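Undergrad: Below is a structure I'd like to ask you about.
The values are calculated or read from the model by the stated rules, or taken from the named source; none is laboratory data. Just so we're clear, the structure is a prediction, and the values are computed from it rather than from any experiment. Counting neighbours? That spans all protein chains shown, and the Cβs are built from the backbone with ideal geometry, glycine included. Accessible surface areas use protein heavy atoms only, side chains included; no ligands, DNA or RNA. Shrake-Rupley method; radii C 1.70, N 1.55, O 1.52, S 1.80 Å.
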Amino acid sequence: MATVMEHAEELAEAIVGSQEFQDLKEKEEVMVEDEDAKSMLDNLNAKYQQVQMMQQNGQEVSDEQKQELQMMEQKMKQNDKISEFYEAQNHFNQLMNSVNQVITQKLQGNEEDAE
């Protein structure tokens, strides 16, 4: 068990040390320091929570509310700091998906595919 946990720690350290993770953290910091970007994110998150609460309570989300969310998302994509963060997040997610794929293939005994 200790060996598996040691390897998990090593993997975590490798991920934290990866360029993808470093880029993600850097872009996140730049984004949240920008007042416009932070405000847009806060507003979008609040709107998502409102819609989620409505859905959980069995209320239907109106077309107007859906359109408002789409407009907010479009506006966010036009903000360079937010779009750079989302791009970095996408690259990090690709890394994590690759790591998960290697682990899954090894567990399934497809060692040659995981190399």
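Undergrad: Along the positive direction of the dipole of the stretch 25-83 (beta-carbon charges: Lys, Arg +1; Asp, Glu -1; about the Cα centre), which of 43, 59, 74 reaches farthest?
TA: 59
Undergrad: So if each residue of separation counts as 0.36 nm, and I subtract the Cα-Cα distance between residue 104 and residue 39, what length gain in nm does that give?
TA: Working: separation 65, 0.36 × 65 = 23.40 nm, distance 3.94 nm.
Full extension from residue 104 to residue 39 adds 19.5 nm.
Undergrad: How many Å² of accessible area per residue for the stretch 1-69, probe 1.4 Å? Working shown, then result.
TA: Details: 5250 Å² over 69 residues.
That works out to 76 Å² per residue.
Undergrad: Rounded to the nearest 500, what is the chain's calculated 222 nm mean residue ellipticity when only DSSP H runs of at least 4 contribute -39500 (n - 2.57) each, over all residues? Don't skip to the end; give the middle numbers.
TA: Numbers: 6 runs with 99 residues, N = 115.
Roughly -28500 deg cm²/dmol at 222 nm, from the helical runs in the chain.
Undergrad: With mean projected area of the Cα convex hull in nm² as the read-out, I listed (i) 10.9; (ii) 9.7; (iii) 10.5; which label goes with the value calculated from this structure?
TA: Of the labelled values, this structure produces (i).
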